[in-house]
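The structure appears right after this line, and notes come after that.
The values are calculated or read from the model by the stated rules, or taken from the named source; none is laboratory data. Since this is a predicted model, take the numbers as computed values, not measurements. We place every Cβ from the backbone using ideal geometry, glycine too, and count neighbours over all the protein chains shown.
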Amino acid sequence: MTTLSRRTLLAAGSVAGLTGASARAQATYPSQTIRLVVPYAPGGGSDFTGRLVAQKLQETAGYTLIVDNRAGAAGMLGTEIVARAPADGHTLLYADVAHGINPAVYSKARYDPVKSFVPITLVGASPQVMVAHPSFPANSLKDLLAMPREQLQKIAVGTPGQGSGPHLTYELLRTKVGLDLVHVPYKGGGPALNDAINGQIPLVMNAMAPVMPHLQSGKLKALAIATAERHPRLPEVQTYAESAPGVVVYNWYGFLAPAGTPPEVTNKLAADIGRVLLLPDVKEKFDAAFLDPMPQGSAEMASFLDGEVRQWKTVATQTGVSLD
């Protein structure tokens, strides 16, 4: 199961030194335009962060790079394109939390989230948050769990959709503490949050980035955040783990390459991306988007991704969530 502390998130993994082969690769790679496949439509968090890093790679490392938005099948269309691409580092995937979830809830996924790819590096993450209308009687997850079971079973919780990260976070919570609410899947996080603001649904689960403006305005209140430790942006908000140990979930972003891509190529990419993430303007924009740093490097991402895949497969099996 994936568990990341705030201290771990802020620690940058070191990238191994270049070997002779890596040094030669540094001189020859990339030899053509790099295609970064974002498996979603333009305008979302993946598109924003992916384009930002791509732009800075061109400016700082001299890459020629295009962002290719390939939306469809909950991100699986673009992901499969990369899985089947030549393993030369010139076609990359900008993945997010759905990369670990989709194969757990869709049997039709025609790739393996681990075996079909080589991890390059994680980029950033936004933890999941449970929010409520200010009039909701509970002020924390602890308060919510203390409510009578028959009352809880009538309370609705909205998510951006069936099989989304927030939905699976709710299902994970169910497996840990037996919280049985009425799940209402929306077509996107925006409509769910708007209904919560208008008092039409009492609870919503979504990532920190889209909920923070509503928390700051006082239109919504936070009951819990899915981090291992209390978050400095919301220090008064309890973690899920305080009432439901093991519920630590992030909407994360990271780079993957097709399986078989040479390590000297992925090491160079990881190093160059790592330098981009240290740029003051990139850090500022990530911070403004409520994105936390993540451990950097291929090994760090491999370990994280393995935990993600195992966690969501277990949750889907235990709860019976399937989108086929």
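Among residues belonging to region 264-300 that are without any contact (Cβ under 8 Å) to a residue 40 or more places away in the chain and touching a helix residue (DSSP H, G or I) at 6+ places or on another chain (Cβ under 9 Å), point out the one that is nearest to Q58 (Cα to Cα).
As a first pass, look at region 264-300 and keep what is without any contact (Cβ under 8 Å) to a residue 40 or more places away in the chain: 278, 280-281, 283-284, 287-288.
Then drop every residue that is not touching a helix residue (DSSP H, G or I) at 6+ places or on another chain (Cβ under 9 Å), which leaves 281, 283.
Details: D281: 15, K283: 17 Å.
Among those residues, the one meeting the criterion is D281.
Of the conditions (1) at pLDDT below 95; (2) in a strand (DSSP E or B), M205 clears all except one; give me its number.
All conditions are met except number (1).
Quick test for you: out of G254, G246, G260, pick the one residue that is out of contact with any helix residue (DSSP H, G or I) (no Cβ under 8 Å at 6 or more places or on another chain) and in contact (Cβ under 8 Å) with a residue 24 or more places away in the chain.
Matching residue, one of G254, G246, G260: G260.
Assess whether A222 counts as being assigned to a helix (DSSP H, G or I), closer than 12 Å to V131 by Cα, touching a strand residue (DSSP E or B) at 6+ places or on another chain (Cβ under 7 Å) and not charged (D, E, K, R).
In short, no.
Among (1) farther than 23 Å from L234 by Cα; (2) part of a loop (DSSP other than H, G, I, E, B), there is one condition P134 misses while meeting the rest; what is its number?
That leaves (1) as the condition not met.
Condition check ((1) within 21 Å of the chain's Cα centre (by Cα); (2) among the aromatic types (F, W, Y); (3) closer than 22 Å to E308 by Cα) across all residues:
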| site | (1), (2), (3) |
| --- | --- |
| F117 | yes, yes, yes |
| K142 | no, no, no |
| G161 | yes, no, yes |
| R174 | yes, no, yes |
| G178 | no, no, yes |
| L193 | yes, no, no |
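Does N194 satisfy the condition of being assigned to a loop (DSSP other than H, G, I, E, B), farther than 24 Å from Y106 by Cα and either out of contact with any Cys (no Cβ under 7 Å at 6 or more places or on another chain) or outside the structural domain of G274 (by TED's automatic domain parsing) (or both)?
Considered against the rule, which asks whether it is assigned to a loop (DSSP other than H, G, I, E, B), farther than 24 Å from Y106 by Cα and either out of contact with any Cys (no Cβ under 7 Å at 6 or more places or on another chain) or outside the structural domain of G274 (by TED's automatic domain parsing) (or both), N194 comes out as no.
Among the listed residues T79, T64, T28, T60, identify the single one that is polar (S, T, N, Q), touching a Lys or Arg at 6+ places or on another chain (Cβ under 7 Å) and either without any contact (Cβ under 8 Å) to a residue 24 or more places away in the chain or over 30 Å from I201 (Cα atoms) (or both).
Testing whether each residue is polar (S, T, N, Q), touching a Lys or Arg at 6+ places or on another chain (Cβ under 7 Å) and either without any contact (Cβ under 8 Å) to a residue 24 or more places away in the chain or over 30 Å from I201 (Cα atoms) (or both) leaves just T60.
Of all residues in region 168-187, which are in a loop (DSSP other than H, G, I, E, B) and surrounded by fewer than 17 Cβ atoms within 10 Å (Cβ to Cβ)?
Residues satisfying the conditions are G178, D180, K187.
If G307 satisfies every condition in (1) farther than 30 Å from G62 by Cβ; (2) crowded, with 21+ Cβ neighbours inside 10 Å but one, which is the exception?
So G307 meets the others, but not (2).
Condition first: touching a Ser or Thr at 6+ places or on another chain (Cβ under 7 Å) and either at pLDDT below 95 or small (G, A, S) (or both). Now tell me which residues in region 293-315 satisfy that.
Selection gives P295, Q296, G297, S298, G307.
Restricting to region 276-324, count the residues that are more than 15 Å from A125 (Cα to Cα), out of contact with any Leu (no Cβ under 9 Å at 6 or more places or on another chain) and either assigned to a loop (DSSP other than H, G, I, E, B) or basic (K, R) (or both).
Total meeting the criteria: 8.
Assuming P232 fulfils every condition listed in (1) touching a strand residue (DSSP E or B) at 6+ places or on another chain (Cβ under 6 Å); (2) surrounded by fewer than 23 Cβ atoms within 10 Å (Cβ to Cβ) apart from one, which condition is it?
Looking at each condition in turn, P232 falls short on (1).
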